[in-house]
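The values are calculated or read from the model by the stated rules, or taken from the named source; none is laboratory data. Here the structure is a predicted model, which means the values were calculated and not measured. Here the Cβ positions follow ideal geometry from the backbone for every residue, glycine too, while neighbour counts run over all protein chains shown.
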């Protein structure tokens, strides 16, 4: 079991559909970035777009990196109405999503 | 261009070949965890194994999350002999790898 100091990382990768415009992608980015102000169980939040040089990002272009302090907080986030509303903004443009969570260890 | 305060995140996901034993996986984990002590351009390092509940990790089970302070530091890391030596430990057991880098933004 994770100890009380552990942080639960929530790694979210997006690949957008071909033809998604920069404006549509910016709408998705803005909508995701707005979530920490709306959902207080999001303990930490950062994001960025792929600048890797190895060529093995498999078409994923965006990473959103959320942190929760517990499984209970994640369980509040996942079905949260504001998270669902974000999903509605994202879905028309989404080709693939990958989500992997881990308890951060050194 | 990223400002001087930005951190370059390096997200590495592994999916191991079917039949890889827990001992072999532990060898890979230990070899990766040993890198920060050997490669000083690794500014921060954490890792963990998938505990997501959404079922969209696409077979990836491990996330290693490295931080560099510059593209120059990453350029030291990627071809570093100790990184290459780790690759030799990993490669026989690797099914898929995904790497996505981003400049961390809020």
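Among the residues of the range A:68-91, the ones that are closer than 15 Å to residue B:53 by Cα and in contact with a strand residue (DSSP E or B) (Cβ under 8 Å, 6 or more places away or on another chain) come to 6 in all. In the range A:86-101, the residue that is nearest to residue A:11 (Cα to Cα) out of those that are surrounded by 14 or more Cβ atoms within 10 Å (Cβ to Cβ) and in contact with a helix residue (DSSP H, G or I) (Cβ under 9 Å, 6 or more places away or on another chain) is A:101.
Look at residue B:42 and say whether it is in a helix (DSSP H, G or I) and either over 25 Å from residue A:98 (Cβ atoms) or modelled with pLDDT of 95 or more (or both). Answer is no for this residue. Consider the range B:1-18 and keep the residues that are at pLDDT 95 or above and out of contact with any helix residue (DSSP H, G or I) (no Cβ under 9 Å at 6 or more places or on another chain). The one that is surrounded by the fewest Cβ atoms within 10 Å (Cβ to Cβ) is B:18. The residues of the range B:13-33 that are assigned to a helix (DSSP H, G or I) and without any contact (Cβ under 8 Å) to a residue 12 or more places away in the chain, listed by number, are B:22, B:23, B:26, B:30.
If you go through the range B:36-69 one residue at a time, how many are more than 30 Å from residue A:72 (Cα to Cα) and either in contact with a helix residue (DSSP H, G or I) (Cβ under 6 Å, 6 or more places away or on another chain) or within 12 Å of chain A (Cβ to nearest Cβ) (or both)?
Of the residues in the range B:36-69, 7 are more than 30 Å from residue A:72 (Cα to Cα) and either in contact with a helix residue (DSSP H, G or I) (Cβ under 6 Å, 6 or more places away or on another chain) or within 12 Å of chain A (Cβ to nearest Cβ) (or both).
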